[in-house]
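Just so you know, all these numbers are worked out from the coordinates, no wet-lab data involved. Note that the coordinates shown come from a computational prediction; the quantities given were computed from them, not determined experimentally. Counting neighbours? That spans all protein chains shown, and the Cβs are built from the backbone with ideal geometry, glycine included.
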Amino acid sequence: MRYKYTKSMNYQDYAAGRVIISRKGMTSFPVRLASEIFQQCLEYRGLQSPVCIYDPCGGSAHLLTTLGFLHGERIQSLLCSDIRSDAVKMANYNLDLLSSIGIKNRASTLRKLIKLYDKPSHYDALNSAISLSNSLSLDAIKTQAFVADALTQSIARSPVDLLITDVPYNNLVIWDSNV
């Protein structure tokens, strides 16, 4: 794919496990690619900002959270669903990072980890949290994560402008209605 909108740069602040949390079995979509797809979709569909984006296979909401940080001024709301309640809990936590309170709470947690363990990775994560807090949109993005099975339910709860997802694949994640 030819990148039309995004430049090659360091996206480490958005890495799963740094500020945005994740766990084994929850994949992280490449940040630059997510940004490019989002922007190309807006152009292709002729969508005007701000838009509502929905991810029906959201997992930890890494994809939506990164889009919120990168393009918050173009996003009105982010909706995320997953079949697993533990994933939805993590998704809510990550989406909350898009608020000033959420990112401040994450920075506070990282400061506590620094005091306890004095690990370089915690310092790096704190620097990323500070950097990300500076990129927050002035207008709060409405977020919602909920449990739903994308294979069996009509799950969009409000009008959606753009559906974007990283569907489960291989044996890294669960793709099953009977979890």
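One table, with the values for the structure above:
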{"item": "27 Å Cα-Cα threshold exceeded, pairs from Lys89/Lys112; Lys24/Lys104; Lys89/Lys142; Lys119/Lys142; Lys24/Lys112; Lys104/Lys142", "result": "Lys119/Lys142"}
{"item": "Pair-distance profile P(r), taking every C-alpha pair of region 1-47, with 10 angstrom steps and integer %", "result": "24, 43, 29, 5"}
{"item": "Gained length - Leu113 relative to Gln153, 0.36 nm times residue gap less alpha-carbon distance", "result": "10.4 nm"}
{"item": "Set of region 43-59 residues, backbone N closer than 15 Å to the point 7 Å along the Cα-Cβ line of Met1", "result": "43-45"}
{"item": "Net charge contributed by nearby residues that have their C-beta within less than 11 Å of Ile141 (K/R +1, D/E -1)", "result": "-1"}
{"item": "Of Lys104, Lys115, Lys142, the one that fluctuates the most in a GNM where the chain has Cα springs shorter than 10 Å", "result": "Lys115"}
{"item": "Value of Rg/Rh across region 57-97 [Cα atoms, Kirkwood radius]", "result": "0.97"}
{"item": "Mean projected area in nm² (Cα convex hull; one quarter of hull surface) for region 35-123", "result": "6.8 nm²"}
{"item": "Gaussian network model of the chain, springs between alpha carbon atoms under 10 Å - residue of Val31, Val147, Val160 with greatest fluctuation", "result": "Val160"}
{"item": "The chain, helix-only ellipticity at 222 nm - DSSP H runs n ≥ 4, -39,500 (n - 2.57), divided by all residues, nearest 500", "result": "-12500 deg cm²/dmol"}
{"item": "Amide hydrogen neighbours beyond the local backbone of Cys80, cut-off 5 Å, H modeled", "result": "Asp55, Gln144, Ala145, Phe146"}
{"item": "For the chain, the Rg and Dmax computed from alpha carbons only, in angstrom", "result": "16.1, 50"}
{"item": "Stretch gain in nm, segment Arg23-Ser131, where the contour uses 0.36 nm per residue and the Cα spacing is subtracted", "result": "36.6 nm"}
